[in-house]
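What follows draws every value from the coordinates through simple rules; no lab data is involved. Everything numeric here is computed off the predicted structure, so don't read it as measured data. Note that we place each Cβ from the backbone using ideal geometry, even for glycine, and neighbour counts take in every protein chain shown.
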Amino acid sequence: MLRGAGSEFLLACDMRFASRENAVLGQPEVGIGAPPGAGAIQHLTRLLGRGRALEAVLTSSDFDADLAERYGWVNRAVPDAELDEFVAGIAARMSGFPRDALISAKSAINAISLPSPAEVRADAALFQQLVRGEGVQRRTAELFKQGFQTRGATELALGDALGDLKAVD
């Protein structure tokens, strides 16, 4: 499960692959009361497009690997038993190519597609401002009462749990 900061770490990677059977991705921050603050808005908008980024961020829903692949959140959803070999194969293939060509191509793609550090810092500042608010504190406390960040129903279906928090505000 890669939600919140875990998803944002994944989004900062050059390529993203997910286990078809095990991956769950999400950005739960809005459901708690603040926007994502570590690059998710910037990366998801560029990767998914405006409408799908709005869906992912504003609904705080969980996304399985197949939907994440269809939307562009991950490059590919691969059967879990094949995932390590698949990723190793990509790395091995690229390792045989000329280094200067890899660096030049990646630099050009990054210049077009990545957010600036200032854009990510602006998102982080807004997140830090809002996450300190009373509403976020109440919603987070309620989630912890329900088992947030412990193995169990709330954590496994966090997207659903967030949808049920409407009355906490």
Long-range amide H partners of Leu2, meaning residues 5 or more apart or on another chain whose placed amide H is closer than 5 Å, are Val24, Leu25, Gly26
Taking amide H atoms as placed 1.01 Å from N in the peptide plane, list the residues 5 or more away in sequence, or in a different chain, whose amide H sits under 5 Å from that of Val74. Glu69
Distance between region 70-144 and region 1-56 - C-alpha centres, whole angstrom: 8 Å
Residue by residue through region 42-59, what is 3J(HN,Hα) from phi via Karplus (6.51 cos²θ - 1.76 cosθ + 1.60, θ = phi - 60°)? Round to whole Hz and write x for glycine and proline. 5, 5, 4, 4, 6, 7, 9, x, 4, x, 6, 5, 4, 4, 5, 7, 6, 8
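With r as the distance between the Cβ atoms of Leu54 and Ser107 and R0 = 41 Å, compute the FRET efficiency 1/(1 + (r/R0)^6) and round to 0.05. Numbers along the way, then the final one.
Numbers: r = 30 Å, r/R0 = 0.73.
After rounding to 0.05, the efficiency reads 0.85.
Pick out, in residue order, every one of the trypsin sites (Lys or Arg not before Pro) in region 96-169 that is DSSP loop and has at most 11 other C-beta atoms within 10 Å; say none if there are none.
Taking region 96-169 and a limit of 11 other Cβ atoms within 10 Å, the loop trypsin sites (Lys or Arg not before Pro) found are Arg132, Arg151.
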Residue with peak Gaussian network fluctuation, the chain [Cα springs, cutoff 10 Å], from Gln129, Gln27, Gln42: Gln129
GNM flexibility winner over the chain from Pro36, Pro98, Pro115 (Cα, springs under 10 Å): Pro98
List every residue whose amide H lies under 5 Å from the amide H of Asp62, counting only residues 5 or more places away in sequence or on a different chain, with H placed 1.01 Å from N in the peptide plane. Gly159, Asp160
CD proxy at 222 nm, helix term only [per DSSP H run n ≥ 4: -39500 (n - 2.57); per residue of the chain; nearest 500]: -18000 deg cm²/dmol
According to the square roots a ≥ b ≥ c of the eigenvalues of the Cα gyration tensor, what is the shape class of the chain, taking rounded for a/c under 1.5, prolate for a/b larger than b/c otherwise, and oblate for the remainder? oblate
